[in-house]
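The values are calculated or read from the model by the stated rules, or taken from the named source; none is laboratory data. The model shown is predicted, which means the values in this text are computed figures rather than measured ones. Cβ coordinates were reconstructed from backbone atoms using ideal geometry, including for glycine residues, and neighbour counts include every protein chain displayed.
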Ligand SMILES: [Zn+2]
Ligand SMILES: [Zn+2]
Ligand SMILES: [Zn+2]
């Protein structure tokens, strides 16, 4: 990153004691980010500061912590470590915000995406403590199709893969609002109109936000149905229910039209009578095709009706797919070796991509919506996202449906964007801990925590604020993180070359 690529708005922050005010007075012009950066870089403590901020350097809005931490030997009570942020550069510890969303913090989201990738991949081919034999288990990559709530502009392809018009019709197709529901255009990728309804008034915004809200429950019921279907299929080949287990790695994707749908890896495992927690191959009688049949059946049959709502006495029917098209889930076997059309790395990368997003594709991005803010985002006569937020907010008026209001900023969806069953793979926690240990061994971090079993840590670290102290600091820290990332990428590339020759 260079200074010229940053939007350099006049800085309004002044930092006491570092001379920015004096600088401004002398020159009689506003202070810019590069002024702050220059002052910081000229400071004799600059390299100490840079080392100090390294763990959070890439973060857009790090958390600042103040306080002290005592480390004592658990047996003798002897004080073995003491640190106080008052003695540190800036008097604080900077901690990366850890946000998953790329629109909030690109750097932290990238860390999250890599962890998500490792987690999903380990579930497919092993590693990180998961046995490599999982690569031989039957596994299916399933996309559960979300229903239609009205015609939207979309990119369509023929069976042969050729791009075809959005909604071509020979004759006028007028809706009750007098809008011609035809679109002869072949839309280009990334067009803003994609995902927006042909007629906003015909579109069923209520049903869509209710579907988003109920999607986690629909998924829960679907997993039960998959197990049940597979149990029946297994019996036909002489395998009992207790001899296999299903594990899932799942990512929620919010489509442009604002509907959530799930991409799931379903893996079939066996059960070891001696070691119930172990991940072992399933009985050889069960094959990938059996797993696919069970998922297809569950996707088609799982459905339920919600509780009644004052605006809809019969409730809403919640199910996958489009009844009319007969498409409920797209299923593909995951081939981890050989010449399959999808590879493990592709699947893992595909899923990890969605782990750092939420509603961005729809054009609506906000934090939790409150009564004061609702008019800013919700409008029953407004744009497609505004109508969705309005639907969630207004349907959430009763106690029973309050969840819809709570999740209005997620267009009703209150589930997690990445989830996995317990034995699918490693956890984010394990990946994070491994990274901290690596960083402390490789970089000789002098704040290394001691062995937890023999020491007691008393910490009074408290939140003092969020963000860098000024745009100059942000620029320097982010640039240092950028440089470190390129060095790491270069090292990885060099390693790869060294091992190929
Ligand atoms: Zn961050
Ligand atoms: Zn169109
Ligand atoms: Zn209409």
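For the stretch 153-171, filtering for residues that are within 16 Å of ligand 3 (Cβ to nearest atom) and loosely packed, with under 14 Cβ neighbours inside 10 Å leaves 1. Close contacts from the stretch 203-225, counting a first residue that is over 22 Å from residue 396 (Cα atoms) and a second that is modelled with pLDDT of 95 or more, with Cβ to Cβ under 6 Å and a gap of 6+ residues or different chains, come to 221/302; 222/298; 222/302; 225/298; 225/302.
Can you pull out the residues in the stretch 82-104 that are in contact with a strand residue (DSSP E or B) (Cβ under 7 Å, 6 or more places away or on another chain) and on the phi > 0 side of the Ramachandran plot? 91, the sole residue that qualifies.
Those residues that are more than 9 Å from ligand 3 (Cβ to nearest atom), assigned to a loop (DSSP other than H, G, I, E, B) and surrounded by 14 or more Cβ atoms within 10 Å (Cβ to Cβ), I need them from the stretch 172-185; list them, please. If the condition is that a residue be more than 9 Å from ligand 3 (Cβ to nearest atom), assigned to a loop (DSSP other than H, G, I, E, B) and surrounded by 14 or more Cβ atoms within 10 Å (Cβ to Cβ), then 182 is the only one that fits. Checked across the stretch 98-121, the condition of being within 16 Å of ligand 3 (Cβ to nearest atom) and either surrounded by fewer than 19 Cβ atoms within 10 Å (Cβ to Cβ) or part of a loop (DSSP other than H, G, I, E, B) (or both) holds for no residue.
Residue by residue, here is whether (1) assigned by TED's automatic domain parsing to the domain that holds residue 347; (2) within 30 Å of residue 205 (Cβ to Cβ); (3) part of a loop (DSSP other than H, G, I, E, B) holds:
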position	(1), (2), (3)
252	yes, yes, no
263	yes, yes, no
283	yes, no, yes
291	yes, no, no
318	yes, yes, no
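Yes/no matrix, rows are residues, columns are (1) away from ligand 1 (no atom under 16 Å from the Cβ); (2) at pLDDT 85 or above; (3) in contact with a strand residue (DSSP E or B) (Cβ under 7 Å, 6 or more places away or on another chain); (4) not assigned by TED's automatic domain parsing to the domain that holds residue 466:
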site	(1), (2), (3), (4)
34	yes, no, no, no
45	yes, yes, no, no
53	no, yes, yes, no
62	no, yes, yes, no
66	yes, yes, yes, no
73	yes, no, yes, no
77	yes, no, no, no
80	yes, no, yes, no
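Considering only residues in the stretch 186-220 that are surrounded by fewer than 16 Cβ atoms within 10 Å (Cβ to Cβ) and more than 22 Å from the chain's Cα centre (by Cα), the one that is nearest to residue 158 (Cα to Cα) turns out to be 186. For residue 298, state whether it is in contact with a helix residue (DSSP H, G or I) (Cβ under 7 Å, 6 or more places away or on another chain) and either closer than 30 Å to residue 124 by Cβ or in a helix (DSSP H, G or I) (or both). Criteria met by residue 298.
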